[in-house]
Amino acid sequence: MHRIHRPVSRALAAGALSLALLSAGTAGAFAAEAKPTPAPSSPMPKPSPSMSTMGSITVKASKTSAKAGDTVTFTGRTQGLKIGTPLVLQHQHNGKWVPLRASVKIKNGSAYALTSKINTKGTEHLRIAAGKTHSPTVTVKVS
């Protein structure tokens, strides 16, 4: 009888241990599921139409230094702007961007080439603009 008692007690102990582990795991799972997910304190802003429709313009000047009266060609590509959109050459004057008398429309392939005579001596800061979209600034030193 001593021999039967030991395997039975082992089986009961193993069953009790399994039941305890199983119920603890199930209780943990219920506890994990019961926690509400906190709502974000500040929701992500939805992209505005201007953010998603903003275009870009690249620019490269044919010369980085020129003599007054020389012609400089500005070439580049646009992205997100319609073919036929007018592009204007601007220069910085007293901290403000002022349009020059040079403009062109975007061609097929979103490329452009704009030629302008540079007359003002000094360092010219220039860019290409289409509405509120503009290229990075290029510098041409005019002597």
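The values are calculated or read from the model by the stated rules, or taken from the named source; none is laboratory data. For clarity, every value in this text was computed on a predicted model and none was experimentally measured. Positions of Cβ are generated from backbone atoms using ideal geometry, with glycine treated the same way; all protein chains shown enter the neighbour counts. The protein model used for the area step is the full one, side chains on, heavy atoms only, and it has no ligands, DNA or RNA in it. Shrake-Rupley method; radii C 1.70, N 1.55, O 1.52, S 1.80 Å.
Every residue in the range 100-127 that is of a type in the set (Lys, Arg), in a loop (DSSP other than H, G, I, E, B) and touching a Ser or Thr at 6+ places or on another chain (Cβ under 9 Å), please.
Initially, the range 100-127 is screened for residues of a type in the set (Lys, Arg), giving 101, 105, 107, 117, 121, 127.
Those left that are additionally in a loop (DSSP other than H, G, I, E, B): 107, 121.
Passing the criteria: only LYS121.
Residue under question is LEU81, and the condition is that it be at pLDDT 55 or above, hydrophobic (A, V, I, L, M, F, W, C), in contact with a Leu (Cβ under 9 Å, 6 or more places away or on another chain) and part of a loop (DSSP other than H, G, I, E, B); does it hold? Please lay out each step first, then the result.
Values: at pLDDT 55 or above: yes; hydrophobic (A, V, I, L, M, F, W, C): yes; in contact with a Leu (Cβ under 9 Å, 6 or more places away or on another chain): yes; part of a loop (DSSP other than H, G, I, E, B): yes.
So LEU81 fits the description; yes.
Consider ALA113 carefully, then state whether it is touching a residue at least 24 places away in the same chain (Cβ under 8 Å), aliphatic (A, V, I, L, M) and crowded, with 18+ Cβ neighbours inside 10 Å.
On the way: touching a residue at least 24 places away in the same chain (Cβ under 8 Å): yes; aliphatic (A, V, I, L, M): yes; crowded, with 18+ Cβ neighbours inside 10 Å: no.
Criteria not met by ALA113.
Could you grab me the full set of residues in the range 128-143 that are touching a His at 6+ places or on another chain (Cβ under 9 Å), in a strand (DSSP E or B) and closer than 18 Å to TYR112 by Cβ?
Residues of the range 128-143 that are touching a His at 6+ places or on another chain (Cβ under 9 Å), as a first pass: 128, 137-140.
Checking which are in a strand (DSSP E or B) leaves us with 128, 138-140.
Once the filter is applied, which keeps residues that are touching a His at 6+ places or on another chain (Cβ under 9 Å), in a strand (DSSP E or B) and closer than 18 Å to TYR112 by Cβ, the range 128-143 yields ILE128, VAL138, VAL140.
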Discussion item. Of all residues being hydroxyl-bearing (Ser, Thr, Tyr) and assigned to a helix (DSSP H, G or I) in the range 46-64, which is modelled with the highest pLDDT? Just the residue, please.
Written reply: THR53
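Would you check which residues across the range 78-105 are in contact with a Phe, Trp or Tyr (Cβ under 9 Å, 6 or more places away or on another chain) and either open to solvent by 50 Å² or more (accessible area, probe 1.4 Å) or farther than 17 Å from VAL138 by Cβ (or both) and list them?
Within the range 78-105, the first condition is being in contact with a Phe, Trp or Tyr (Cβ under 9 Å, 6 or more places away or on another chain), and the residues that meet it are 78, 87, 89-91, 102, 104-105.
The one that is in contact with a Phe, Trp or Tyr (Cβ under 9 Å, 6 or more places away or on another chain) and either open to solvent by 50 Å² or more (accessible area, probe 1.4 Å) or farther than 17 Å from VAL138 by Cβ (or both): LYS105.
Among residues belonging to the range 116-143 that are among the hydroxyl-bearing types (Ser, Thr, Tyr) and over 26 Å from the mean Cα position of the chain (by Cα), point out the one that is surrounded by the most Cβ atoms within 10 Å (Cβ to Cβ). It would help to see each step written out before you state the result.
Applying the first criterion (among the hydroxyl-bearing types (Ser, Thr, Tyr)) to the range 116-143 yields 116, 120, 123, 133, 135, 137, 139, 143.
Filter again for over 26 Å from the mean Cα position of the chain (by Cα), leaving 116, 120, 123, 143.
Numbers: SER116: 20, THR120: 12, THR123: 11, SER143: 9.
Step by step, filter the range 116-143, then rank; the result is SER116.
Filter the range 71-110 down to residues that are touching a residue at least 60 places away in the same chain (Cβ under 8 Å) and under 28 Å from the mean Cα position of the chain (by Cα), then give me how many there are.
In the first step, residues of the range 71-110 are kept if they are touching a residue at least 60 places away in the same chain (Cβ under 8 Å); the result is 72, 74.
Now restrict to residues that are under 28 Å from the mean Cα position of the chain (by Cα): 74.
Of the residues in the range 71-110, 1 are touching a residue at least 60 places away in the same chain (Cβ under 8 Å) and under 28 Å from the mean Cα position of the chain (by Cα).
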